[in-house]
Amino acid sequence: MTNCAVVTLAIVAIAGPSPGAMAQALSPTPVYEGDTTIPTKNGATEAAHISIQSWAIGGQEREIPLQGFYVAHLLSGQVSTTIDGGTTQHLAGDYWTVKAGAAMRVKVIGEVAVLETIVVSKQ
């Protein structure tokens with residue numbers, strides 16, 4: 001009797017969008033959408049909506065098309081952000097906020113970065 005071992009080799013290619021594809025409109029992937037209540041300063045509660053989205057960004061500098069206050073979390077890559085004229089570099093794992101009324105432009109340092117945004121809005 002012979003013992004045979006079968007070896008399976010899986011090759012996984014992870015490819016970001018081509019540079020031409022990045023010229024298209026920036027479109028997020030929904031991660032979570034839900035409604036909840038949050039406490040107010042006077043101890044009451046009010047309804048709120050939570051939206052978490054993931055953005056794969058590459059190529060040219062892009063503006064994240066969100067309105068209102070939100071939290072940004074860089075999941076992978078390295079980026080330079082410009083918010084209200086101030087430019088800051090961020091590494092994977094960084095969190096920062098974007099105030100209501102401000103626009104954030106993101107420039108990827110390297111090929112592709114993945115950004116997560118968390119928006120909590122009153123209903």
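The values are calculated or read from the model by the stated rules, or taken from the named source; none is laboratory data. Note that the structure is a prediction, hence the values are computed from the model and not measured. Quick reminder, even Gly has a Cβ in these numbers, built from the backbone with ideal geometry, and neighbours come from all protein chains shown. Quick note on the areas: whole protein, heavy atoms, side chains included, nothing else; ligands and nucleic acids left out. Shrake-Rupley method; radii C 1.70, N 1.55, O 1.52, S 1.80 Å.
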note = Residue count, region 12-28, condition surrounded by fewer than 11 Cβ atoms within 10 Å (Cβ to Cβ) and at pLDDT 50 or above, comes to 3
note = Of the residues in region 97-123, those that are within 30 Å of ASP35 (Cβ to Cβ), open to solvent by 30 Å² or more (accessible area, probe 1.4 Å) and of a type outside the set (Val, Ile, Thr) come to LYS99, ALA100, GLY101, ALA103, GLU116, SER121, LYS122, GLN123
Which listed residue is without any contact (Cβ under 8 Å) to a residue 60 or more places away in the chain and more than 13 Å from the chain's Cα centre (by Cα), from ILE38, ILE83 = ILE83
key: Options SER121, SER80: the member that is modelled with pLDDT of 95 or more and among the hydroxyl-bearing types (Ser, Thr, Tyr)   = SER80
Listing of strands (runs of 3 or more DSSP E) fully contained in region 40-92 that carry 2 or more residues being among the small types (Gly, Ala, Ser), within 13 Å of GLU116 (Cα to Cα) and open to solvent by less than 30 Å² (accessible area, probe 1.4 Å) = 45-58
